[in-house]
1. Please enumerate the residues belonging to region B:297-323 that are within 12 Å of another protein chain (Cβ to nearest Cβ), in a loop (DSSP other than H, G, I, E, B) and over 13 Å from B:ILE240 (Cβ atoms).
2. Got at least one residue in region B:334-343 being within 14 Å of chain A (Cβ to nearest Cβ) and in contact with a Lys or Arg (Cβ under 9 Å, 6 or more places away or on another chain)?
3. Could you tell me which residue of region A:144-156 is farthest from the other protein chains (Cβ to nearest Cβ), considering only residues that are in a loop (DSSP other than H, G, I, E, B) and surrounded by 19 or more Cβ atoms within 10 Å (Cβ to Cβ)?
4. If I go through region B:230-250 residue by residue, how many of them are in a strand (DSSP E or B) and within 23 Å of B:ARG172 (Cα to Cα)?
5. Please count how many residues of region B:137-159 are more than 16 Å from B:LYS176 (Cβ to Cβ) and surrounded by fewer than 24 Cβ atoms within 10 Å (Cβ to Cβ).
6. Where the second residue is surrounded by fewer than 21 Cβ atoms within 10 Å (Cβ to Cβ) and part of a helix (DSSP H, G or I) and the first is among the aromatic types (Phe, Trp, Tyr) and lies in region A:52-79, which pairs have Cβ atoms under 9 Å and are six or more apart or on separate chains?
7. List pairs: first in region A:202-230 and in contact (Cβ under 8 Å) with a residue 60 or more places away in the chain and open to solvent by less than 30 Å² (accessible area, probe 1.4 Å), second part of a loop (DSSP other than H, G, I, E, B) and among the β-branched types (Val, Ile, Thr), Cβ under 9 Å, 6+ apart or cross-chain?
Amino acid sequence: MTGRIEARFAALRAAKRGGLVTFVTAGDPDHETCKRLIRGLPEAGADLIELGMPFTDPMADGPAIQASSQRALRAGASMRRTLDIVRDFRGHDRETPIILMGYYNPIYIYGVEAFLRDAVAAGVDGLIIVDLPPEEDGELCRPALAAGISWIRLATPTTDDRRLPAVLSNTSGFVYYVSIMGTTGTKSVPEAEVRQAVARLHRHTKLSIVVGFGVKTPDDARAVTAAADAAAVGSAIVSRIAAKLDANGKPAPGLVEDVLGFVRALADGAHGA
Amino acid sequence: MAQPNSYRAGPDEGGHFGIFGGRFVAETLMPLILEVERAYGEARRDPSFQAELDELLTFYAGRPSPLYFARRLTGHFGGAKIYFKRDELNHTGSHKINNCLGQILLARRMGKKRIIAETGAGQHGVAVATVCALFDLPCVVYMGATDVARQRPNVFRMSLLGAEVRPVTSGRSTLKDAMNEALRDWVANVEDTFYIIGTAAGPHPYPAMVRNFQSVIGNEVREQMTAAEGRIPDTLVACIGGGSNAIGLFHPFLDDASVRMFGVEAAGKGIATGEHAASITGGRPGVLHGNRTFLLQNEDGQITEAHSISAGLDYPGIGPEHSWLHDRKRVQYVSATDQEALAAFQLCSRMEGIIPALEPAHALAYVAKIAGDLPRDHLICMNLCGRGDKDIFTVADALGMKI
């Protein structure tokens, strides 16, 4: 079965252009605004959508995404509502892949079986679960693959050639290369190292490679897609949301349009325009 | 488990105690976690490692700590004989030094150049800062801003020892948030940095490693009680935050069927109020900070804040081996409130001339509940795992006194 993720990367390759993967946290800054934002992403140039599942203790995330997670939780985000956002999006767009990204505990508490059933029904294409390394594949990875959901893993600068086969086993959809050692959004993407890393990954896998964790500007995105299949941007986008909140934390008029405008600029960079 | 008849065989090679434990960490950390596991395994097989640790425990930390018969409290409660394992007399004032000496030797063996740690009450932070001073390694201690405010003496101690204390303002600014921040630091500095985790929690191999370093407590108690009374204790009592002092006391006795064990969690303002830190009594299994264990959380899997007058117990989780011992019903997990701990704190000060930390004051509060009803030849050993100097401001505040 060729899924939406594979189809999207095939289309990008056919068009000979790099892709843009956008991250926003589900329910940030509130449920309805988030729905509008997500719906607008494909038209603004996002090729794949990562939707963060809010968690109180996002240990691999820097300050920007920590703050977005807290905003979403304060505004009443929950796993049920995250899946509702996906369902709503799927009602408008049947082609853009949606990948849920986050930490294991909210899924564990929802119940793995119930979660996979509801995620498939809502139209989720893939999962990136930061705190489930290959050593814990029995928890969710293998059940997700059996349910037809792609399991996308993070490869990092510390993932050496000895460990890479373990990281690439049971991986599908694409490989997410974390370009920096550190939490999300805290450093800038080092171009030359990324080029080398992508070449190394390609020696081990035919999967598409997305690079993220330090991609902040259209120029960063352009530099990344010169080497990789797509660039992922998260912290810079959620910071844009934060900048458009009023003193009470409510979205100021024009927030969605402003964020989508930024995504458009990132897409121009990633697409090599 | 390899030996189903033993409670001391865990964890399995994946770091599991039954369903608890494991290695739930980001990929960036996995190679390092595996490296720590390998290096620790080698160190355990190397007699020179244990010899160096033993020497430091003896001449630097001051071990063995005494086993003290608390005569007046025994008389006061009128039942079982109460012994205190005096781990508050260790250098730095708590049991934390046992583990820090072990881990710093491992960090040196691994060639690490920088040490990070999290701390709640500051006892672990002080112990880490101490061993870093001893071995001339730079040290960063993450501490929740709330705890920085309520544990000022320890913050000052750490800076005197040359450590940098970084206040953490995310979440509710307590121990859980400090641990998140330490993990973020580690991810960013994985090549040169060793993370000295202070409790028997976190990803494998930390729970087993910290337990092994702390087991010196229980091993000494076995010898000392046998010397004093001609037999091993009947009941062990220890307070539980993450649970390192408790597992260190309990573990050597787990296969002694006659020994009853009580882990005392912090009930804060009372379990029913929801404002407590009792992960087993009031939580359920989940995944946080690298392991599956009992956690305080809501119905959506979001971690809730712990509440305790004791900064050292103010953590929404517990070491995974305790979760398993609870499941297997080998150890009973009970709780004591802020008020009960405060009463025990004052009682111990006045009757024994020992100002305990608020953490073991919780253990003593439970001893107070059971001792009177036990026969006079019943032997209780309670781990007096820390001294109370650091808590005098908190206690004065709670009692409405100015100092």
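1. Correct list: B:ASN298, B:GLU299, B:ASP300, B:GLY301, B:GLN302, B:THR304, B:GLU305.
2. Step one: of region B:334-343, the residues within 14 Å of chain A (Cβ to nearest Cβ) are none.
Within region B:334-343 (the criterion being within 14 Å of chain A (Cβ to nearest Cβ) and in contact with a Lys or Arg (Cβ under 9 Å, 6 or more places away or on another chain)), the answer is no, since none of the residues qualifies.
3. First, the residues of region A:144-156 that are in a loop (DSSP other than H, G, I, E, B): A:147-149, A:152, A:156.
Now drop any that are not surrounded by 19 or more Cβ atoms within 10 Å (Cβ to Cβ), which leaves A:149, A:152, A:156.
Working: A:ILE149: 19, A:ILE152: 11, A:THR156: 4 Å.
Among residues in region A:144-156 that are in a loop (DSSP other than H, G, I, E, B) and surrounded by 19 or more Cβ atoms within 10 Å (Cβ to Cβ), the one farthest from the other protein chains (Cβ to nearest Cβ) is A:ILE149.
4. 2
5. Just the residues of region B:137-159 that are more than 16 Å from B:LYS176 (Cβ to Cβ), to begin with: B:137-140, B:149, B:152-159.
Filter once more, keeping what is surrounded by fewer than 24 Cβ atoms within 10 Å (Cβ to Cβ): B:137-138, B:140, B:149, B:152-153, B:155-157, B:159.
Result for region B:137-159: 10.
6. Listed by first residue and then by second, the contacts come to A:PHE55/A:LEU73.
7. A:VAL210/A:ILE152; A:GLY212/A:THR184; A:GLY212/A:VAL189; A:ALA221/A:VAL215; A:VAL224/A:VAL189; A:VAL224/A:VAL215
Listed here are the residues, each with its yes/no results for (1) over 14 Å from the mean Cα position of the chain (by Cα); (2) open to solvent by less than 10 Å² (accessible area, probe 1.4 Å).
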{"residue": "B:GLU229", "(1), (2)": "yes, no"}
{"residue": "B:LEU236", "(1), (2)": "yes, yes"}
{"residue": "B:SER258", "(1), (2)": "yes, no"}
{"residue": "B:PRO320", "(1), (2)": "no, yes"}
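The values are calculated or read from the model by the stated rules, or taken from the named source; none is laboratory data. Keep in mind it's a predicted model, so treat the numbers as computed, not measured. When we count neighbours, we look across all protein chains shown, and the Cβ atoms used for this are built from the backbone with ideal geometry, even at glycine. What goes into the accessible areas is simple: the full protein's heavy atoms, side chains included, and nothing from ligands, DNA or RNA. Shrake-Rupley method; radii C 1.70, N 1.55, O 1.52, S 1.80 Å.
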